[in-house]
Amino acid sequence: MRGAYEIAREVSLDQLSMSTLSERLGVGVTSIYWYFRKKEDLLHAMTEVAAANLAERMPQFARSVPWPTMLHDYFTAYRRIHQEDEVLSDLLLARVSTYSRQTTTQVFLPVEAIVEHLTDAGFSPELALQIFNTISTYTRGAIVYKRILGLNAAAILDERRHRMADWTVMPLLEGLVAAGHSLTGTTDDDFEFALSCLISGFEQILARNASA
């Protein structure tokens, strides 16, 4: 597993192969096939490791923690971990077909805990799941989008953005670009803003339901 992760971090999961792994470990390729019959089996095992690593690094919350704080801190940590470990992110977000039964269970255990936390706070189980799915979809989308921009060396991420378009016909954006504001919506400030808005909206839903 260590050898496979090293290769994936140096090149990519796509370029990881049984032969490159055997070369890294200094063994015959048949030795690798003794443990994994094909690359897909290796990816299954790597995904299980990634899911376990994510669960280990994610914060745990006491039932006494207010649910808005819990949601904010959980998804902030989730995004940070995925940004710090691109192989983990690729395995868990881009290759869901490699999920084993063990990985799927590991991934959904925190969902159960969050839905329970929200239900205890007064949301129905159905609404609690919708809340989780809404923030989770936004967070995962933000992670993947930023990753795609990085992989494509998007000009919008660096100083070339000033030369990307005729900003003079877009005076508002011209001022924002000149001031250094990001147009991608993938900065930490962008994420914090969106997360705060979502949580604020959920607080209003809870208050409205309580007064109904």
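Within the range 75-93, is even one residue assigned to a helix (DSSP H, G or I), of a type in the set (Val, Ile, Thr) and modelled with pLDDT under 95?
Taking the range 75-93 and keeping what is assigned to a helix (DSSP H, G or I), we get 75-84, 86-93.
This time we only want the ones that are of a type in the set (Val, Ile, Thr), so: 76, 81, 87.
With modelled with pLDDT under 95 added as a condition, the list becomes 87.
Checked against the condition, which is being assigned to a helix (DSSP H, G or I), of a type in the set (Val, Ile, Thr) and modelled with pLDDT under 95, the range 75-93 yields at least one hit.
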Can you work out which of the residues in the range 30-56 that are over 16 Å from TYR99 (Cα atoms) and in a helix (DSSP H, G or I) is least open to solvent (accessible area, probe 1.4 Å)? ILE32
Is it the case, given these coordinates, that SER97 is crowded, with 16+ Cβ neighbours inside 10 Å and under 29 Å from GLU6 (Cβ atoms)? no
How about the range 135-171: which of its residues are outside any helix (DSSP H, G or I), among the hydrophobic types (A, V, I, L, M, F, W, C) and modelled with pLDDT under 75? ALA153, ALA154, MET164
Residue in the range 59-67 that is in a helix (DSSP H, G or I) and either open to solvent by 40 Å² or more (accessible area, probe 1.4 Å) or farther than 26 Å from MET1 by Cα (or both) present: yes
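Being over 20 Å from the mean Cα position of the chain (by Cα), surrounded by 13 or more Cβ atoms within 10 Å (Cβ to Cβ) and at pLDDT 95 or above is the requirement here; does PHE132 meet it?
No: the conditions fail for PHE132.
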Given (1) open to solvent by less than 60 Å² (accessible area, probe 1.4 Å); (2) free of Cβ contacts under 8 Å to residues at least 40 places away in the same chain; (3) of a type in the set (Ser, Thr, Tyr), identify the lone condition not met by TYR78. (2)
Residue in the range 6-29 that is within 30 Å of PHE108 (Cα to Cα), open to solvent by 50 Å² or more (accessible area, probe 1.4 Å), in contact (Cβ under 8 Å) with a residue 12 or more places away in the chain and in a helix (DSSP H, G or I) present: yes
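The values are calculated or read from the model by the stated rules, or taken from the named source; none is laboratory data. These figures come from a predicted structure and were not determined experimentally. Positions of Cβ are generated from backbone atoms using ideal geometry, with glycine treated the same way; all protein chains shown enter the neighbour counts. Note: accessible area is taken over every heavy atom of the protein model, side chains too, but ligands, DNA and RNA are not part of it. Shrake-Rupley method; radii C 1.70, N 1.55, O 1.52, S 1.80 Å.
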